[in-house]
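What follows is a short report on a single structure.
The values are calculated or read from the model by the stated rules, or taken from the named source; none is laboratory data. None of the values given here were measured: they were computed from a predicted structure. Heads up, the Cβs are rebuilt from the backbone with ideal geometry, glycines too, and the neighbour counts pull from every protein chain shown.
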């Protein structure tokens, strides 16, 4: 598919000030982690060179990374050189499973910083908790590694600008893990929207209807053997250990996760912006919801509705999170709906779209085709070999914007009020918005500090 003008504008505008900063002389952060890392440009991957990849985080989504990389290994000339996880028990189990499935041993490393020092590692994939994504991406860029980072790309809005800056300064290929951008069906769907199949598109809705049960409250307990809890916490506060966080339920605590709008929802926030044709963050945000079902230790809302308004463009995004028994909407429970003057489009999951035209909802073009995750990884490999960000389907800028949309909704929800936002400066505006602007970043725990000078 040919890149549209809107896509080119999206990438150019989203990079914005961060790109300008990236090409300005700057001093790389002096730190113990970065001091021995190779500078970018030392290793050029040739057309026939094998790309050696380390997978960081192997308890959940990382298993999918392993599977798809190994599936593409021969045709893409790539290999998994190492597995990494702060939990040695999980790591050893993953290595044993790897040997059983693929008939060979793989190097394991508990501390990812040692892999960043390894000049034989060309690229990393990040399936770690949200609070680690940005810092691990930036450090990887400084170490000369290309990156595939799972959604959300960031834990807060400020991190996204620093990630863009790092990718451009070190000429690294940073691919955001929103695989629907490589789906043949969804790319066709967006092309229909751009070409006016449903007329002028004025509103998009993102849907995340997932069954999220009561998780209780497991209280404080000793740190399990084999877990480097300091490394697991990283830049986030190191609270007393609890099974409420490790290994999955960190999603529902603000210091580590971003709720379901920042979990499953990033796929949908990304598609909302892409299909609606907006290349900046909104000017007005309001979000409300709460915990209506479970009296458990989750901090994030079970039910959440967010509105993102683009008044100058006369466009709007709605986003809904429901976490229990609910209806589907024209068959979509996780997906998107786009509304235009001539009809509407329903996107289901990552690989299916349907259109309904006119007052009588007559069926229009539709398509369903799987294989998007393999295509997304292959696109990353192709961009690495070409050293060309312009051919990426999920470049770093899209990771910043789609993640930031979720963060904006969460900030409005947590403060309990509508917020006005300057999408150019990426700051809240109006009297008394110091509290909101303070939530654009976070306090980082030493030595896991986000560098201000990239």
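Brief remarks on what is shown
- Test: residue 196 is under 17 Å from the mean Cα position of the chain (by Cα) and either without any contact (Cβ under 8 Å) to a residue 40 or more places away in the chain or not assigned by TED's automatic domain parsing to the domain that holds residue 64 (or both): no
- Failed criterion for residue 100 (all others in (1) more than 27 Å from residue 254 (Cβ to Cβ); (2) buried (at least 17 other Cβ atoms within 10 Å of the Cβ) hold): (2)
- Among (1) out of contact with any strand residue (DSSP E or B) (no Cβ under 8 Å at 6 or more places or on another chain); (2) within 29 Å of residue 313 (Cα to Cα); (3) assigned to a loop (DSSP other than H, G, I, E, B) - the single one residue 199 does not satisfy: (1)
- Test for residue 164: is it part of a helix (DSSP H, G or I), within 28 Å of residue 442 (Cα to Cα) and in contact (Cβ under 8 Å) with a residue 60 or more places away in the chain: yes
- Leading residue by the ranking (farthest from residue 257 (Cα to Cα)) among those in the stretch 317-328 that are in contact with a strand residue (DSSP E or B) (Cβ under 6 Å, 6 or more places away or on another chain) and surrounded by fewer than 19 Cβ atoms within 10 Å (Cβ to Cβ): 326
- Verdict on residue 290 being buried (at least 22 other Cβ atoms within 10 Å of the Cβ) and assigned by TED's automatic domain parsing to the domain that holds residue 416: no
- Selection within the stretch 411-436 - farther than 27 Å from residue 302 by Cβ, touching a residue at least 40 places away in the same chain (Cβ under 8 Å) and under 22 Å from the mean Cα position of the chain (by Cα): 423, 424, 426
- Selection of the stretch 230-239 for residues being farther than 13 Å from residue 129 by Cα and not in a loop (DSSP other than H, G, I, E, B) yields only 230.
- Residue check, residue 225 farther than 28 Å from residue 291 by Cβ, assigned to a helix (DSSP H, G or I), in contact (Cβ under 8 Å) with a residue 12 or more places away in the chain and not assigned by TED's automatic domain parsing to the domain that holds residue 260: no
- Residue within the stretch 222-232 that is in contact with a helix residue (DSSP H, G or I) (Cβ under 9 Å, 6 or more places away or on another chain), buried (at least 16 other Cβ atoms within 10 Å of the Cβ), closer than 23 Å to residue 156 by Cα and modelled with pLDDT of 95 or more present: yes
- The stretch 146-156, residues that are in contact (Cβ under 8 Å) with a residue 60 or more places away in the chain and crowded, with 24+ Cβ neighbours inside 10 Å: 146, 148, 149, 150, 151, 152, 153, 154, 155
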